[in-house]
Each structure stands twice: as structure tokens, then as C-alpha cells.
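In what follows, a single structure is set out as C-alpha cells and then discussed.
The values are calculated or read from the model by the stated rules, or taken from the named source; none is laboratory data. The model shown is predicted, which means the values in this text are computed figures rather than measured ones. Backbone-built Cβ (ideal geometry, glycine too); neighbour counts: all protein chains shown. Just the protein is used for accessible areas: all its heavy atoms, side chains included, with ligands, DNA and RNA removed. Shrake-Rupley method; radii C 1.70, N 1.55, O 1.52, S 1.80 Å.
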Amino acid sequence: MADEHKSGNGRNGAKESTEDARRWITMLFISTCLLYCARMAMPICAITMATTFHWSKIESGLVLGGFLWGYCFTQILGGHASDKIGGERVLFISVASWALITAGTPFLVQLGSHTLALMTMARFLMGLLQGVFFPSLASLCSQRVVEGERGFIMSTMNSGSHLGTLLAAGLGSMILDCCGWESVFYGIGILTALWALVVWKVFLKGKVTPKKLDTSNKLKWSSMDWLRLFKKAPVCAMVFAHMCVCSTSYTLLSWLPTYFEESFPHSTVWVYNVVPWLTAIPSALVGGYIKMSVLFVPSCLCSYPPSVLQILMSSLYFSGVSVNVQDLAPSCAGALYGFMNTLGAFMGLVLVSLSGYLIEVTMSWNSVFSLITIVNTTGLVIFLLFGDAGRVDLENSRLTVCDT
């Protein structure tokens, strides 16, 4: 009877653990969706705000690029903190903070006449707070998810980002037309704050204090170990490829709404903002099961002109790279993914600002799409030559297992 009782308790515990994992997956999916809703708020409203505040293309590029300045600074910090204290708490603090920034953005306009500087600062703060999100997610997945399930989990999270983009492009455009650009920021900020409240009350039980993770069977990393890791060809190829595709994706996210508005002025704008992203959700779900080398090739070939294929293949790629970093170095996946995203965000900052300059000077979008094609093709060549998926973080002889 005692054995049966213990067996019953074990089954009940496993069932509760599975149910808790499913609830967390659902909430993380929603958070990724809200993340991209908030990220897309400014690109969707950029044309209206540029008309209202008399911004040129170069000035619009500065505002849009302000997000990436902040995004560069917290990537590695977020991944490292998540590796140490747990990704769920870092994610909660991040989401709650940028919910406040999003809802408060319209109030900044009322603080003074320097609207360009204020909006750029708001975007900088948004990037600063969102920078920890995906490194924390990668760290959380590498710590809590078995290897065989990582592809599906990360592809599910990536599909949430495309759903968020889809909702921001569709509903955001309609809210913009009906209620003004301020309402877009208010709505997204309030919804995100509700998500944070639910997570705090239901999942974290009102506690946000860092809880040190069990460090048994974890690897100690020194600066020399990191240097040896970055001498591995597969790691360098993955980082470089991610930098290329990430930066061009940021450029498309920032400028496509403006492109559609100017290229099809007499059409329903929200349709053009929505249609490309409809393909991204199913492709992101499929991406976790396909090798990244296969995913990266079409994302380069479909860069010119902007098309449904470009969005589809980019979503496939991101589902692959989020798993690839966990395959190569699961013991430091959060910090490594943060480093990759830092380079991608910095390169994105350069491309977003440069794109605004090229459009202003050449009066043509062809120069922007040509630039995107060149960058992605360069990343493709490097990854095809040196990319791999075998684990490399155990190859350094100086790495040792922590004793607890």
C-alpha cells in the first residue's frame, strides 16, 4: 500500500509538473507576442508621427534606430543573469518595465518641444528593457527543457513574435486610423501590464526575489574559456550569420510599413502590413525541426524585393538559430545568445539608420533592398563554409564541473 501511495504521488507530481510547464509555455508565447506588439508600435505609427512632428526620413531613422541602441546594451547581461538566477524572474522584471515605458510614451510628447529627442529616448529605454528577453528565454529553455523538445518550444515562442507583429500591423493600423497613434501605445502597454500581473500573482506567487539555481553539473567559465569558445569555427559562423540576418530583419521591421504606405498610397495599408506576416507563424513552428543550414539559404535569396517569401524564410531561420545556440553551448546558451543579439542589434542599428539616409538621398527603395541582399548573402557564405551543430562547450580541457 505504501508503494502504491508513493507511486500515486509520483504520478500526481509528474502531472502537476506537466500542467505547470504547459501554463508557462502559454504565458511565454503571449509574452513574446506582446513583446513584438510593443516593438512594432513605433514603426506602425512612424508615418503619422513623422507628419505630425515634421520628421525627415533621416530623423525617422534615428527614432526607429533608438530602440537598437538600447537593445545592444542588455543582451549579455540578461543572458548571464538568467544563467545564474533563472530566466523566469528576469523575464518578469523585463516585461513589467517595458509595459510601463510603452504606456508612458505618449506622455513624453507633453514634456517639451524636443519631440525627436524624447521619442528617441523612449525607444532607447524600450530596447534597453527588451534586450534581456530572448537571451533569458534561451537560458530558461536550455536549463528547463530536454534537448529533444527544444526545437518545438523555441519555434512556438518564435511564432508568438510573428503573431505579435501581425496583430500590431493589423489591429494597430486600425486603431491608429480610428483613435490616433497614442491609443496604440496605451493599448499595448495596458495589455502587457495585465500579463505581468497574472505572472506575478499566479506563477511567481508574488515573489520576484532572485533564487539561485542549482549549480551542480554546471560548467565554470573563465575569460580564457570564452576566448577558446569563440575560436571554434561553428560558433563564429553562427554568430556572424545571426548578426547578418538579425540586422536585415530589423531593417525590414522598421521600414516596411513606410514602404507599403509610400508605394501603395491608394490601397488599404493594414492589408499590406498583415499579409507578409500571415506566413510567418506556421513557418516558425516548422522551423524548429529543420536544420539551420537549410533555413539560412532561402532567407538570403528572398531578400529582394520585400516579399512574403522573405518574411517566411526569416522566421524559419530564427527558429533554427535559437536551437543551434543550445546545441553548440547549452551550458552558456543565455550569455552566448545575448552576445549574438548584441552584434545583431548593433548591425541593425547601422542598417536602419543607413537605410533612412539612402532613401532620403537616392529617393529609391532599391538601394535598401540591394543592401539587405548583400548582407544576407555574406552571412550565407560564411555559415555554409563553417556552420555545424555539434556541442563544443565541453571540448575545453579547463572547463570543470561545479561542486555543491
**OP:** Six or more apart or on different chains, Cβ under 6 Å: which pairs go from a residue in the stretch 152-170 that's assigned by the TED database to the domain that holds I188 and over 12 Å from R39 (Cα atoms) to one that's modelled with pLDDT of 75 or more and among the β-branched types (V, I, T)? Could you list them?
**Re:** M157/T32; G160/T32
Original post:
How many residues are open to solvent by less than 20 Å² (accessible area, probe 1.4 Å) and of a type in the set (F, W, Y) when one looks only at the stretch 121-143?
Top reply: 2
Original post:
Scanning for something under 22 Å from the mean Cα position of the chain (by Cα) and within 30 Å of A333 (Cα to Cα), does the stretch 177-187 turn up at least one residue?
Top reply: no
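Here is a yes/no grid of residues against (1) surrounded by fewer than 21 Cβ atoms within 10 Å (Cβ to Cβ); (2) hydroxyl-bearing (S, T, Y); (3) out of contact with any strand residue (DSSP E or B) (no Cβ under 7 Å at 6 or more places or on another chain):
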| position | (1), (2), (3) |
| --- | --- |
| F53 | yes, no, yes |
| S56 | yes, yes, yes |
| Q75 | no, no, yes |
| G87 | no, no, yes |
| I93 | yes, no, yes |
| A99 | no, no, yes |
| P106 | yes, no, yes |
| L111 | yes, no, yes |
| M119 | no, no, yes |
Original post:
Across the stretch 58-73, what is the number of residues that are open to solvent by 10 Å² or more (accessible area, probe 1.4 Å) and of a type in the set (A, V, I, L, M)?
Top reply: 2
**OP:** State yes or no: is A21 open to solvent by less than 70 Å² (accessible area, probe 1.4 Å), among the hydrophobic types (A, V, I, L, M, F, W, C) and modelled with pLDDT under 85?
**Re:** yes
